[in-house]
1. Have a look at the DSSP beta bridges in the chain and tell me what percent are antiparallel, nearest 5.
2. Order the peptides 146-153, 81-88, 216-223 from the highest to the lowest mean number of other Cβ atoms within 10 Å of their residues.
3. Per the 1.4 Å probe, what fraction of the accessible area of the chain, in percent, lies on carbon and sulfur atoms?
4. Only one of the listed values, (i) -0.33, -1.43; (ii) -0.46, -1.16; (iii) -0.40, -1.16, was derived from the coordinates as log10 I(q)/I(0) by the Debye sum over Cα atoms at q = 0.07, 0.15 Å⁻¹; which label is it?
5. Tell me, in nm to one decimal, what length is gained between Cys280 and Leu94 on full extension, where the rule is 0.36 nm per residue of separation less the Cα-Cα distance?
6. Under the rule of -39500 (n - 2.57) per DSSP H run of 4 or more residues, summed and divided by the residues of the chain, what mean residue ellipticity at 222 nm is obtained, to the nearest 500 deg cm²/dmol?
7. Using the heavy atoms of the protein chains alone and a 1.4 angstrom probe, what is the accessible area of segment 31-123 per residue in square angstrom?
8. Helix 220-233 sits at what angle to the longest principal axis of the chain, using alpha carbons and giving 0 to 90 degrees rounded to 10?
Amino acid sequence: MTVSVYVPFLVTVVLAALAPRLATRFAPRPAAWALAGGALVTALGWLGSLVLLAFTGLAQIPEVAEEGRWSVTALRADDPVYLTVSAVATVTLLASLTGLAVAAVRQVRHLLWARRECARLPGDLELAVLDDASPHAFALPGAPGRIVVSHGMLRCLGGTEREALLAHERAHLRGRHHLFQTAWRLTAAACPLLRPLAGTGGFVLERWADEEAAEHVGDRTVVARAVGRAALASAKAPAAASLAATGGAVPQRVRALLGPPPPRRALPIVAGAALLALSCASLAEATSDSERMIEGAQFAACVTALKDTAMPPQPPAHGPCGHPHHDRDEPGPALR
């Protein structure tokens, strides 16, 4: 447990440093899945290691040891984790769980708000056109989701560009991209080191929708022009509260659309999967070591209890006042 419990922390640092740089270099759809899966596994490993480190300190509290029926002395002898490390892990764990709970409440409220807005939109079709001069275009997740476009945005685009814009927003709904965003926000709340993945994930989702729009329209230049014009038109408008075609780093998106489709590279994903497998294996080994440590402490407590019950209290070797102890039935010395 000395080394294995810290491996998930190291994997978290490596993933937070390398994943944002690598995710933008290959196809966005597998990149989004890799980022989401990696963030979830890494966050679970982060929380699991914190739990094990915090437990090693809590288990040494006499009241906790009495309830668990294990020996504190044996546990301290076998446990290689310092109490200071355990205390820091406990505080970090409480902060992570608090952040996760707050983020979960916010995400639930956001999804409920999106569903209410979908129900309030006019019409029953997937597309809802608002009579608004401000340029807006975004997708609202719901059951089913809706695509919201304003008259101001439609006036800024040509016919094929409008088709590309709608295909982009439709890709957000069809791919359930709001679930990816939820996963990244929750993992970033549980582990602040994963916050770069949330920003990169938003860009990858926009690239995913761009590529599907380009495949639908059949012209990457048209999609690039639609993204650029929509971003310029909505530059002064309020930011959309949900998935929008103008989100992400627009210059990088346009540059990617003007080039060839990104290649599918399996090696980075395989390497990331191996790294996550190492994290899971290390956490499993640390958990097994912790169980063996507790079982050893419980065995030591049982042995101590058996020794105490098997050895009855012995009478003192000397009686009061330092005289040798005599049995009451034993006759005393004869009188002369």
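1. 65 percent
2. Ranking, from highest mean packing down: 146-153, 216-223, 81-88.
3. Using a 1.4 Å probe with all protein chains present, the chain comes out at 63 percent carbon and sulfur.
4. Working out log10 I(q)/I(0) by the Debye sum over Cα atoms at q = 0.07, 0.15 Å⁻¹ from the coordinates points to (ii).
5. Taking Cys280 through Leu94 to full extension adds about 64.8 nm, to one decimal.
6. Rounded to the nearest 500, it is -23000 deg cm²/dmol.
7. On a per-residue basis, 56 Å².
8. 80 degrees
The values are calculated or read from the model by the stated rules, or taken from the named source; none is laboratory data. Since we're looking at a predicted model, the values are computed, not measured. Backbone-built Cβ (ideal geometry, glycine too); neighbour counts: all protein chains shown. Side chains are part of the model used for accessible areas, which takes the heavy atoms of the whole protein and leaves out ligands, DNA and RNA. Shrake-Rupley method; radii C 1.70, N 1.55, O 1.52, S 1.80 Å.
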